[in-house]
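The values are calculated or read from the model by the stated rules, or taken from the named source; none is laboratory data. None of these values were measured; they are calculated from a predicted model. Because the Cβ atoms are built from the backbone with ideal geometry, glycine has one as well, and the counts that use them run over all protein chains shown. Ligands, DNA and RNA are stripped out before the accessible areas are found, and what is left, the full protein with its side chains, is counted by its heavy atoms. Shrake-Rupley method; radii C 1.70, N 1.55, O 1.52, S 1.80 Å.
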Amino acid sequence: SLVNGSGTNINPININPGQTVNILVTQGSAGTGTVTFPSLVKQPAGFLYTGSAVANALDIMTMIAFNSTNVYVSSVRNMI
């Protein structure tokens, strides 16, 4: 759950090739929480995950490791 007006850093460690992690991100009641990642987290150009800026929004983020160096992210935002 994101905290209103605060940033949450998601930093994967001990990455295992083949590992997949699904994260349910819940926005706060004001919709002002943010998410950041270190450079080892790779995202599609032009589609960086920012978190839905809607009160109580639910996003699903999937993180996939194909090697022990990088994690790749895809996301679905603002589930209804």
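Observations
- For the options G46, G33, G18, a Gaussian network treatment of the chain with springs between C-alpha atoms closer than 10 Å singles out G46 as fluctuating the most.
- Computed over protein heavy atoms with a 1.4 Å probe, the accessible surface of the chain works out to 61 Å² per residue.
- Between N70 and S29, the FRET efficiency from the beta-carbon distance, with R0 = 41 Å, is close to 0.75.
- Site pair S6 and M79 shows an inter-label distance of 2.3 nm when each label is modelled 7 Å from Cα along Cα→Cβ.
- Karplus-derived HN-Hα couplings along the range 2-7 (A = 6.51, B = -1.76, C = 1.60, θ = phi - 60°), whole Hz, x at Gly and Pro: 7, 9, 3, x, 10, x
- Förster-model FRET efficiency, 25 Å R0, Q19 and V54, C-beta, rounded to 0.05: 0.25
- ³J(HN,Hα), Karplus 6.51/-1.76/1.60, whole Hz, each residue of the range 8-19, x for Gly, Pro: 10, 9, 9, 10, x, 10, 6, 6, 10, x, x, 6
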